Amino acid sequence: MYNLCLGMKVINITQLPGGSLSHKNKAIDLAGSDAGIDYWFSQGRWKCIGSWGTAGTNFFTAVDQNGNFTKVHCADGFDRYVTIALTHSNRKYAKTMVGRIYADGMPMYEEGTNGNATGNHIHLEVAEGIQTTKIRNRSLGYYIFHNSKYFYWTMENELNPLAVFFINDSFSRVKSTKGAELRHCESVTYERGAKDMKLHIHTFTSQSIRKEPTTKSARVGVIPALNSEAVVTGISPKMSDGWQYYKVNYQGIEGWCQYDNSCFEVLEGE
């Protein structure tokens, strides 16, 4: 699972949610290094699932190695399917991106001035769920631009980017957060805590519960039964041979089990 991380190499927030007439929703503006054109880079693996509007908005959601939608770990502690909307790139450029999958570290979106933007920046919105459009949000009223009325357009189930995005310290440096406090992380990959996990045994195996996290250690003396579950109480670092071990409680027996996805499946806790 990926941490949900801001994708620019220079984090330079220039507009906070609710800070002006045109930002009464939960959007923020990111101006990068504030010189030339900066890019939003894939932090994990993302797919462009739609293009919308006249200001060059593209929608992205996280996918796994097979291209299937996957949840991301948010800075508020919840795991969600999310859609990121990035706006203001050149409209022609934005249209050509739909359907593409971007591997970790690839440039996904460029800063621009399309629409009513002034100066290169990326307008960032994020929402729970998978979506490829916006709705006219009358509850936010309207703002006046060139003597015409424009209603706000927002995504459904919109989230506050300041609450759900991490700053990946191994990738980004911070120029300005405009006073907002964001959580930092050291990498994109999120390792789920043991309290959230169970092992579901789905095939017979010679795997057994062991006293220590190593193939050379003595067995405790039990082989998990087919279609049973073991509660995970700890996770070992990867061993020198590349294997990882889960500390489990299986029918009251404590020990270590070598993880093998041909035998076991990790389930989320409730």
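Any read-out appearing in this document is the output of simple, stated calculations on the displayed coordinates, not a laboratory observation. Please read all numbers here as calculations on a predicted model, not as lab measurements. When we count neighbours, we look across all protein chains shown, and the Cβ atoms used for this are built from the backbone with ideal geometry, even at glycine.
Which FRET efficiency, nearest 0.05, do Tyr81 and Thr14 yield, Cβ-Cβ r, R0 30 Å? Taking R0 as 30 Å, the efficiency between Tyr81 and Thr14 is 0.60. The 3J(HN,Hα) values that the Karplus relation (6.51, -1.76, 1.60; θ = phi - 60°) gives for segment 53-59 are, in residue order, x, 9, 9, x, 8, 10, 10 Hz. Gly and Pro appear as x.
Would you mind ranking Asp29, Asp104 by Cβ crowding within 10 Å, fewest neighbours first?
Asp104, Asp29
Counting neighbouring Cβ atoms within 10 Å and putting the fewest first, the residues Ser236, Ser89 line up as Ser236, Ser89.
Highest mean first, the peptides 54-63, 171-180 sorted by other C-beta atoms within 10 Å per residue fall in the order 54-63, 171-180. Summing Lys and Arg as +1 and Asp and Glu as -1 over all other residues whose Cβ lies under 10 Å from the Cβ of Ile37 gives a net charge of -3.
Diagonalising the gyration tensor over the Cα atoms of the chain and scaling each eigenvalue by 5 before taking the square root yields semi-axes of 44, 18, 16 Å, largest first.
Full extension of the chain between His200 and Tyr93 gives 34.0 nm of extra length, using 0.36 nm per residue less the Cα-Cα distance. Residues whose amide H falls under 5 Å from that of Met155, counting only those 5 or more places apart or on a different chain, are Ile135, with hydrogens built in the peptide plane. Each Cα pair under 8 Å and six or more residues apart adds its sequence gap; the mean of these over the residue count of the chain is a relative contact order of 18 percent. Put in line by how crowded their Cβ is, counting other Cβ atoms within 10 Å and starting with the fewest, Trp46, Trp153 read Trp153, Trp46.
The calculated 222 nm mean residue ellipticity attributable to helices in the chain amounts to -500 deg cm²/dmol, summing -39500 (n - 2.57) over DSSP H runs of n ≥ 4 and dividing by all residues. Less than 5 angstrom separates the built amide H of Asp38 from those of Glu111, all sequence-distant by 5 or more or on a different chain. Summing charges over all other residues whose Cβ lies under 10 Å from the Cβ of Lys134, with Lys and Arg as +1 and Asp and Glu as -1, gives -2.
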